[in-house]
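Right, one structure below, let's go through it.
The values are calculated or read from the model by the stated rules, or taken from the named source; none is laboratory data. Remember, it's a predicted structure, so these values are computed and weren't measured experimentally. Neighbour counts are summed over all protein chains in view; Cβ atoms, including those assigned to glycine, are modelled from backbone coordinates with ideal geometry. Protein only, heavy atoms only, side chains kept; ligands, DNA and RNA dropped before computing areas. Shrake-Rupley method; radii C 1.70, N 1.55, O 1.52, S 1.80 Å.
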Amino acid sequence: MNFSDSELIETLLSEQGLGRAAGESEADLILINTCSVRAHAEQRVMGRLRALKKLKDRRPEILLGVCGCMAQRMGEDLLRELPWVDLVVGPDSYRRLPGLVSRAGRDNPVQAAELVLDRAETYHGILPRRRDEVSAWVPITRGCDNFCSYCIVPYVRGRERSLEPEAVERQVALAVEGGAREVVLLGQNVNSYRSGPTGFAGLLRRLESVPGLARVRFLTSHPRDLSDEIVEAMAGCGKVCEHLHLPVQSGSDRVLEAMNRGYTRDYYLDRVRLLRSRVPGLSLTTDILVGFPGETAEDFGRTVSLMKQVCFDYAYTFRYSPRPGTAAAGLEDSVPEQEKKRRLQQVIDLQLAHTRAALDSMVGAEVEAMVVKPARSGQGKYLARTRGHFSVILPAESSQVGRVVRTVVTAHTGMSLVAGAGCDT
Ligand code: SF4
């Protein structure tokens, strides 16, 4: 979402005549777009802002701003704590950024904060400049109404709202006109998308008819809102890729309830069964959070057993850290750090084994992969992605970027597939 918001900010500022600087030392304005989901992310931003003080001492005319969730969470405290920061702008206030920038420049500079959360702001009417030509981020909802007890997002991004389907379709069509072949629909919980009579399933069906669009992906899904209708739309829409990121967080009903996730372990497993029966070849990824307050060894064992039962293709794994202002922050952080680290390592090791098994099973198979960009290894190698979102390293040419090719997997590196040259589908 922050990558997408950064494109939005860049678009708004470019309309004021600002352009991207080659680097920090040449910039007149430096904006840091921030995440508040974990304490570690915020600590890194604070470190970066402290490091930027030296640049600001040398060139006091530079404007330094903080955008995003941490700006919203800390607000004017951030300006007091780091007085060399000029602007603090929350996620619903980006339309005000150009005005703030020109005012701060004129008044040379004066600290300012814009932190109003707006129940209606969807940034309708702004067509973002995109950085990645093959795959375009398209936000369809903003904010979240779920209030998972560990999560700061509803407090810093406000209530959920959806962009009208016509506007989504227009954004998608324009992205395709600009060279994109794939769109990633974004929202904290895309499954609860609703605009008038159109829900998420209807939106997926609507995008099937966009000419030139090859693939549709979406992030993030909430198990509670993954209806049968959405699963049927995934099964029936040829452009929707066979990949779903479905965060489970824990395999223990007791912990899921304390997290306010709104589903049980059995319900989650039922969704997985339905998905796998209706969407053959589906690649399933998840988020796991260990060390939530009160998580016993038995609760943790339930998470491990769920992972073994489902065999996720990939999992983003985290250890709990309290976020001030959330419901869980009022609970005793009862699992010792050492134990959290041990549990985290156990789920990481388990997931590595499951990912490896998934990759092993694909060696020798023919896959459909979209060529995305040159691989870091260079030497004529390109990064491509399967419909299941596995990375594939294959020989290709720049003219093939954006094309979907068929290729045979010859090996894997533990994280990526390796394949021979592809032929066009
Ligand atoms: S669904 Fe839960 S975890 Fe996700 S953004 Fe909303 S409150 Fe946070």
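Worth a mention:
- From the options GLU160, GLU121, GLU166, residue that is without any contact (Cβ under 8 Å) to a residue 12 or more places away in the chain and either open to solvent by 10 Å² or more (accessible area, probe 1.4 Å) or within 24 Å of SER209 (Cα to Cα) (or both): GLU166
- Subset tally (residues that are part of a loop (DSSP other than H, G, I, E, B) and among the basic types (Lys, Arg)) for the range 261-299: 1
- Checking each residue in the range 218-235 for being of a type outside the set (D, E, K, R), within 16 Å of the ligand (Cβ to nearest atom) and part of a helix (DSSP H, G or I) picks out PRO223, ILE230.
So that you can scan it fast, the table gives a plain yes or no per residue for (1) free of Cβ contacts under 8 Å to residues at least 40 places away in the same chain; (2) within 16 Å of the ligand (Cβ to nearest atom); (3) buried (at least 16 other Cβ atoms within 10 Å of the Cβ):
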residue	(1), (2), (3)
LEU13	no, no, yes
GLU26	yes, no, no
ILE32	yes, no, yes
LEU52	yes, no, yes
ARG59	yes, no, no
CYS67	no, no, yes
GLU76	yes, no, no
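- Which listed residue, of ARG261, ARG205, ARG215, is within 25 Å of TYR314 (Cβ to Cβ) and more than 16 Å from the ligand (Cβ to nearest atom): ARG215
- Within the range 149-180, the set of residues being among the acidic types (Asp, Glu) and within 13 Å of the ligand (Cβ to nearest atom) comprises just one member, GLU160.
- Qualifying residue in the range 209-216 (condition: buried (at least 22 other Cβ atoms within 10 Å of the Cβ) and touching a Leu at 6+ places or on another chain (Cβ under 6 Å)): yes
- Any hit, the range 239-258, residues being within 15 Å of the ligand (Cβ to nearest atom), assigned to a helix (DSSP H, G or I), open to solvent by less than 10 Å² (accessible area, probe 1.4 Å) and in the same structural domain as THR198 (by TED's automatic domain parsing): yes
- Single residue of GLU397, GLU366, GLU337 found to be closer than 26 Å to MET259 by Cβ, surrounded by fewer than 15 Cβ atoms within 10 Å (Cβ to Cβ) and more than 21 Å from the chain's Cα centre (by Cα): GLU337
- Of all the numbered requirements in (1) more than 12 Å from the ligand (Cβ to nearest atom); (2) surrounded by fewer than 22 Cβ atoms within 10 Å (Cβ to Cβ); (3) under 16 Å from ALA233 (Cβ atoms), GLY196 misses one, and that requirement is (3).
- Positions within the range 89-131 being closer than 17 Å to LEU186 by Cβ and either of a type in the set (Phe, Trp, Tyr) or in a helix (DSSP H, G or I) (or both), in sequence order: TYR94, TYR123
- Filter result (buried (at least 16 other Cβ atoms within 10 Å of the Cβ) and aliphatic (A, V, I, L, M)) within the range 293-330: VAL304, LEU306, MET307, VAL310, ALA315, ALA328
- Checked against (1) outside the structural domain of GLY294 (by TED's automatic domain parsing); (2) within 28 Å of the chain's Cα centre (by Cα); (3) touching a residue at least 24 places away in the same chain (Cβ under 8 Å), TYR382 passes all but condition (3).
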